[in-house]
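Beneath this line is the structure, given in structure tokens, with notes to follow.
The values are calculated or read from the model by the stated rules, or taken from the named source; none is laboratory data. Note that this is a predicted model, so its numbers are computed, not measured. Using ideal geometry, Cβ is built from the backbone for each residue, glycine included, and neighbour counts are taken over all protein chains shown. Accessible surface areas use protein heavy atoms only, side chains included; no ligands, DNA or RNA. Shrake-Rupley method; radii C 1.70, N 1.55, O 1.52, S 1.80 Å.
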Amino acid sequence: MFALIDCNNFFASCERVFRPDLAGKPVVVLSNNDGCVIARSNEAKALGVPMGAPAFQYQPLFDKRKVNVFSSNFALYGDMSGRVMSILSTYTPDMEIYSIDEAFLEFNGYDLFDFQQLGEKMKKQVEQWTGIPISIGFAPTKALAKVANRIAKKFPERTGGVYMIDDEEKRVKALKWLRIEDVWGIGRRHARRLQEKNIFTAFQFTYLDDSWVRRHMSVVGLRLKKELLGIPMLQLEEVQSRKNIATTRTFDGNYADYELVRERVASFAVSCAEKLRKQGSCCKSLMVFIYTNGHRDDLPQYKQNVVVKLPYATNSTIDLVKFAEIGLKQIFREGFAYKRAGVILMDFTGDQAQQLTIFEKANPKHAPLMKAIDHINASFGYQKIRLAVQDTGRVWKMHQERLSPRYSTNLDEIITIKV
């Protein structure tokens, strides 16, 4: 039996955990630079605020209906996600963290358990210990668990937030209810093609001929069809090391000065290097890119990227910043106002098995130095130790005018209670 656990309106729920006065009130969370809506509470959805709504267009509605608006606070969301996942991991060792607010659990050997009771216990514990509401769907396959979770979330007053598809009648009823465009794994293109073939529900999809599904939707579509029929085809996926690591950001303004762009690119390279060391890898090449603001027709436009091949594999922050600067110098042009830049690390190798070269090699002093810096930064705060090229102020320069405190990850911003 599989279970899909999904945190309800996760970002908005995280904001409410430390602001109980927001219960029952509309809440939206904006993307980086406060650009558009990326999360909504049920009350905000009821007001007609769509996902991806541009914040500046909907500001009059926010003001009129007293919508509580927050800048995205990923330090808070990441920490709350970790707490939820930690609780879920106590129920079974077989767990796949699917996203920041979703996880699949697999229950092998639980034949004598009552899954309805197990789900209710899980839901109660997560909500009591973290304040985050969740929905749980149980089913014999991952795709059907997704469907069950959707029903649990859609009809909380009838399901209590826990729903199980455990017999043929429930499976058929659920698939007849589910629109084809809402099936997990059916994208817009496939949904459009299926609708042209008069396939409007998941149930109709399961009656398509296997050869047609494979020809038009590949083996992935065929696996999905089998899963919806109750035949397990998808297993839990193990966490794998990433094959590239990127840090890209839109600036808080237009940067025309090379030194300003250089500082941003260096900070992005520092962030990438930290992630690279965390997964125990070194890289042998990196890409640097810079863009002007494509929405400003009144300004000259320019965008360029460059791949820098490194003379040796490294995960040293000092080395990666140096090579990122080399790349930036190659593509930077005066006379443009830059709005976005990024650094992408590629071509990974393990940090314990590196190919040495005769003429150039990494400085052996960097490894213990990076280890010490990582330890200090982990103990005393994010990027307490920085390179001289970095700004001593904010690490991430974005419009975050409505940022909530990092209640759970920064002692200086811990919640205070007046008694």
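One residue alone among Lys121, Lys142 is open to solvent by 10 Å² or more (accessible area, probe 1.4 Å) and not aromatic (Phe, Trp, Tyr), and that residue is Lys121.
Quickly run through the stretch 191-211 and pick out the residues that are in a loop (DSSP other than H, G, I, E, B) and crowded, with 17+ Cβ neighbours inside 10 Å. Please lay out each step first, then the result.
Keep residues of the stretch 191-211 that are in a loop (DSSP other than H, G, I, E, B), which gives 197-200, 206-209.
Across the stretch 191-211, the qualifying residues are Ile199, Thr206, Leu208.
Gly185 meets the conditions (1) of a type outside the set (A, V, I, L, M, F, W, C); (2) within 15 Å of Ala3 (Cα to Cα); (3) under 25 Å from the mean Cα position of the chain (by Cα) in every case but one. The failed one is (2). Asp166 meets each of the listed conditions (1) of a type outside the set (A, V, I, L, M, F, W, C); (2) surrounded by 15 or more Cβ atoms within 10 Å (Cβ to Cβ); (3) closer than 29 Å to Gly82 by Cβ apart from (3).
Kindly establish whether Pro300 is over 27 Å from the mean Cα position of the chain (by Cα) and open to solvent by 50 Å² or more (accessible area, probe 1.4 Å). Before you say what the answer is, go through the steps one by one.
Working: over 27 Å from the mean Cα position of the chain (by Cα): yes; open to solvent by 50 Å² or more (accessible area, probe 1.4 Å): yes.
Judged against the criteria, Pro300 is a match.
A Cβ distance below 9 Å, combined with a sequence gap of six or more or placement on separate chains, defines the contacts here; from the stretch 370-393, residues that are within 15 Å of Leu411 (Cα to Cα) reach residues that are among the β-branched types (Val, Ile, Thr) and not in a helix (DSSP H, G or I) in the pairs Asn377/Ile385; Tyr382/Val395; Tyr382/Thr409. Would the stretch 282-300 turn up any residue that is touching a Gly at 6+ places or on another chain (Cβ under 8 Å), small (Gly, Ala, Ser) and over 17 Å from Val389 (Cα atoms)? Within the stretch 282-300, none of the residues are touching a Gly at 6+ places or on another chain (Cβ under 8 Å), small (Gly, Ala, Ser) and over 17 Å from Val389 (Cα atoms). Checked against (1) aliphatic (A, V, I, L, M); (2) out of contact with any strand residue (DSSP E or B) (no Cβ under 9 Å at 6 or more places or on another chain); (3) modelled with pLDDT of 90 or more, Leu112 passes all but condition (3). List the number of the failed condition for Ala266; all other conditions in (1) open to solvent by 10 Å² or more (accessible area, probe 1.4 Å); (2) within 24 Å of Asp374 (Cβ to Cβ); (3) under 25 Å from the mean Cα position of the chain (by Cα) hold. For Ala266, the exception is condition (1).
Given the residues Ala324, Ala341, Ala273, which is the only one that is more than 21 Å from His375 (Cα to Cα), part of a helix (DSSP H, G or I) and either small (Gly, Ala, Ser) or open to solvent by less than 10 Å² (accessible area, probe 1.4 Å) (or both)? Break it down stepwise before answering.
Numbers: Ala341 fails: part of a helix (DSSP H, G or I); Ala273 fails: more than 21 Å from His375 (Cα to Cα).
Only one candidate passes the filter, namely Ala324.
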